[in-house]
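K.L.:
One structure, as structure tokens, below. Some questions next.
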Amino acid sequence: MINKVFLSGRICKDPEMTFTSSGKGVTKFTLAVNRSYGDETDFIRIECWNRGKYELAKYVGNDCRKGDLVMIEGELRIDKYNDNYYTKVNADKVIYSKKKNGQSNKSQQNNNQGNNDDGFDDNFDVPF
């Protein structure tokens with residue numbers, strides 16, 4: 001069985017990094033993803049965890065900000081909280097694009113495997 005999700009969108013507000021009682025880092029944020037048809041946008045909860053030497057939560061918490069264009073690869077999860085179900089994505093990889101000092105967008109992959117300098121298109125608008 002396969003549970004793999006790929007998303008591209010903009011971060012709705014600055015990611016928030018917290019720590020569990022056992023000291024594991026987790027960074028959470030909401031991603032605005034435009035649908036390929038019409039003018040509708042989905043808002044999806046994203047969680048990035050520190051797993052051993054793989055410190056994705058730290059990188060995302062330090063480097064990403066509201067409005068940044070990101071691409072997410074991860075697993076779809078459905079959690080239950082107070083008799084309510086909600087959907088989230090546990091990110092395995094995050095590739096982000098930032099504008100620095102008016103320069104063109106560059107993407108950077110923060111998964112402790114090196115950087116990816118391939119750009120990706122910002123061909124959609126986010127309603128905020």
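Just so you know, all these numbers are worked out from the coordinates, no wet-lab data involved. Bear in mind that the values here come from a model prediction, so they are computed numbers and not experimental data. Because the Cβ atoms are built from the backbone with ideal geometry, glycine has one as well, and the counts that use them run over all protein chains shown.
K.L.:
For a quick check: with amide H placed at 1.01 Å from N, whose amide H comes under 5 Å from ASP92's, ignoring anything fewer than 5 positions away on the same chain?
P.N.:
GLU73, GLY74, GLU75
K.L.:
Would you work out if the stretch 5-109 is rounded, prolate or oblate? Take a ≥ b ≥ c from the square roots of the eigenvalues of the alpha-carbon gyration tensor; rounded if a/c is under 1.5, else prolate when a/b is larger than b/c, oblate otherwise.
P.N.:
It comes out oblate by the Cα gyration axes.
K.L.:
I've got another one for you. Report the gain in length on full extension from LYS13 to ARG51: 0.36 nm times residue separation, minus Cα-Cα distance, nm rounded to one decimal.
P.N.:
Working: separation 38, 0.36 × 38 = 13.68 nm, distance 2.38 nm.
Stretched out fully, the LYS13 to ARG51 stretch lengthens by 11.3 nm.
K.L.:
Using per-residue counts of other Cβ atoms within 10 Å, averaged over each peptide, order 2-11, 30-39, 64-73, 80-89 from highest down.
P.N.:
64-73, 2-11, 30-39, 80-89
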